[in-house]
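Please read the structure below before turning to the comments.
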Amino acid sequence: MMKPLRTLGIPPNAWAVDAEVADITRPPLEPQSIILPTETKKLRLDLAKAAILVIDMQNDFCHPDGWLAHIGIDVTPAQTPINPLNTLLPELRKANVTVIWLNWGNRPDLLNISAGLRHVYNPTGSSVGLGDPLPANGAKVLMAGSWAAAVVDELEQKPEDIRVNKYRMSGFWDTTLDSILRNLGKTTLFFGGVNADQCVMATLQDANFLGYDCILVKDCTATTSPEYCWQATLYNVKQCFGFVTDSQAILKAITHSILDFGLNPQQ
């Protein structure tokens, strides 16, 4: 009788091993198919291969004492994804969809940040830029571990969620995001967060270039930019980079799958 093997790695990219055997077949995860309507097509997708990226829902971009507000931008629009995300994320977790918090959180020494990137946040060289303390509370702008880079209090992060720091508008540049997603066998990505036309869009575009299937969740995404930037984002996602849906469509699709096919999100 063959002895049980020990799992080595993270399913589905896992081996089963002992002193004599290495089983490298990598059995697939149990499929959890749903039918999801989007603004252009009806998608059949596998929740077992899905993750949601919640991008930059952090104090510097969403809180009235954060960096964006400090430079005079109305951050009220950036707060609109909070309630839809609070409704959607618990249901995605129940369906075993991975939740990834992708936040801008720089190294204290800014060694991987170029002058061009610093210029975006400090165009005169004399204002409050990356790593500088905010006048309202002294938190360092977009610094990993600071209040400024933390997710807003209104959004609950769970221990099983994954946190990834990013250093560009795209979450795929100079980060571990791609390696994590591939190790977990994720091929379909939902996108939420801010700003839709900047960090969300840059990350979504790079995901598309890397071969991921991209779905923008419209009511879980927002921007403090002008309306035409929002409209251009929606157009370009649908035209070039993926699909657009909303949280209610996802919730209905999950519910219908449970009722019609016996999907057990707790498995």
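Shape index of region 92-166: Rg/Rh, with Rg the Cα radius of gyration and Rh the Kirkwood radius from the inverse mean 1/r over Cα pairs, equals 1.07. Electrostatic tally near ALA149: other residues with Cβ closer than 12 Å to its Cβ, Lys and Arg +1, Asp and Glu -1, net +2. With kT/(6 pi eta Rh) evaluated at 37 °C and eta = 0.692 mPa s, and Rh the Kirkwood radius from Cα pairs, region 1-91 diffuses with a coefficient of 185 µm²/s according to Stokes-Einstein.
Projecting the Cα atoms of GLY145, VAL75, LEU184 onto the charge dipole of the chain (Cβ charges, centred on the Cα centre) puts LEU184 farthest toward the positive pole. Highest mobility in the GNM of the chain, judged by mean-square fluctuation with C-alpha springs under 10 Å and restricted to GLN79, GLN32, GLN231, is found for GLN231. Over the Cα atoms of region 174-266, each weighted equally, I'd like the Debye log10 I(q)/I(0) at q = 0.13, 0.15 Å⁻¹, rounded to two decimals. Per q value, in the given order, log10 I(q)/I(0) is -0.51, -0.65.
In units of the rule-of-thumb radius 2.2 N^0.38 Å, region 130-191 shows an alpha carbon radius of gyration of 1.35. Temperature 4 °C, viscosity 1.567 mPa s: under these conditions the Stokes-Einstein estimate for region 85-232, based on its Kirkwood radius over C-alpha pairs, is 78 µm² per second.
Divide the volume of the convex hull around the Cα atoms of the chain by the residue count and you get 150 Å³ per residue. Among the trypsin sites (Lys or Arg not before Pro) found in region 1-102, those both in a DSSP coil and sparsely packed, with 16 or fewer other Cβ atoms within 10 Å of their Cβ, are LYS41. What whole-number distance in Å separates the alpha-carbon centres of region 99-149 and region 53-88? Centre-to-centre distance over Cα atoms comes out at 16 Å.
Could you sort out which of LYS158/LYS252; LYS94/LYS166; LYS94/LYS252; LYS158/LYS218; LYS166/LYS252 sit more than 20 Å apart by Cα distance in this structure? Violating the 20 Å limit, Cα to Cα: LYS158/LYS252; LYS94/LYS166; LYS158/LYS218; LYS166/LYS252.
Springs join every pair of Cα atoms under 10 Å in this Gaussian network model of the chain, and among LYS252, LYS166, LYS218 the largest mean-square fluctuation is at LYS252.
Ranking ALA22, TRP101, THR7 by how far each Cα lies toward the positive end of the dipole of the chain (charges on Cβ) leaves ALA22 at the top. Placing dummy labels 7 Å off each Cα toward the beta-carbon, the span from GLU156 to ILE71 is 3.4 nm. Each residue was assigned an accessible area with a 1.4 Å probe, and for ASP246 the value is about 60 Å².
Between GLY193, ILE254, LEU88, the Cα set farthest toward the positive side of the dipole of the chain (charges on each charged residue's Cβ, about the Cα centre) is that of ILE254. Binning the alpha carbon pair distances of region 34-146 at 5 angstrom intervals from zero yields the distribution 2, 10, 16, 18, 16, 11, 10, 9, 6, 2, 0, expressed in whole percent. In summary, the aspartates and glutamates within cross-link reach of LYS41, defined as a Cα separation below 15 angstrom excluding same-chain residues under 8 places away, comprise ASP213, ASP246. Name the most mobile residue of ASP178, ASP219, ASP23, meaning the one with the largest mean-square fluctuation, in a Gaussian network model of the chain with Cα contacts below 10 Å. In this elastic network of the chain, the residue with the biggest mean-square fluctuation among ASP178, ASP219, ASP23 is ASP23.
Legend: calculated FRET efficiency, ASN83 to ASN112, from the Cβ-Cβ distance at R0 = 30 Å, rounded to 0.05, equals 0.30.
Around LEU177, with a cut-off of 13 angstrom between Cβ atoms, what is the net charge of the other residues, counting Lys and Arg +1 and Asp and Glu -1?
+2
When its C-alpha radius of gyration is set against 2.2 N^0.38 Å (N residues), region 36-82 gives a value of 1.69. The translational diffusion coefficient of region 151-228, from Stokes-Einstein at 25 °C and 0.890 mPa s with a Kirkwood hydrodynamic radius over alpha carbon pairs, comes to 182 µm²/s.
The values are calculated or read from the model by the stated rules, or taken from the named source; none is laboratory data. This structure is a prediction, so every number in the text was calculated from the model and none was measured. Ideal geometry is used to build each Cβ from the backbone, glycine not excepted, and the neighbour counts take in all protein chains shown. Protein only, heavy atoms only, side chains kept; ligands, DNA and RNA dropped before computing areas. Shrake-Rupley method; radii C 1.70, N 1.55, O 1.52, S 1.80 Å.
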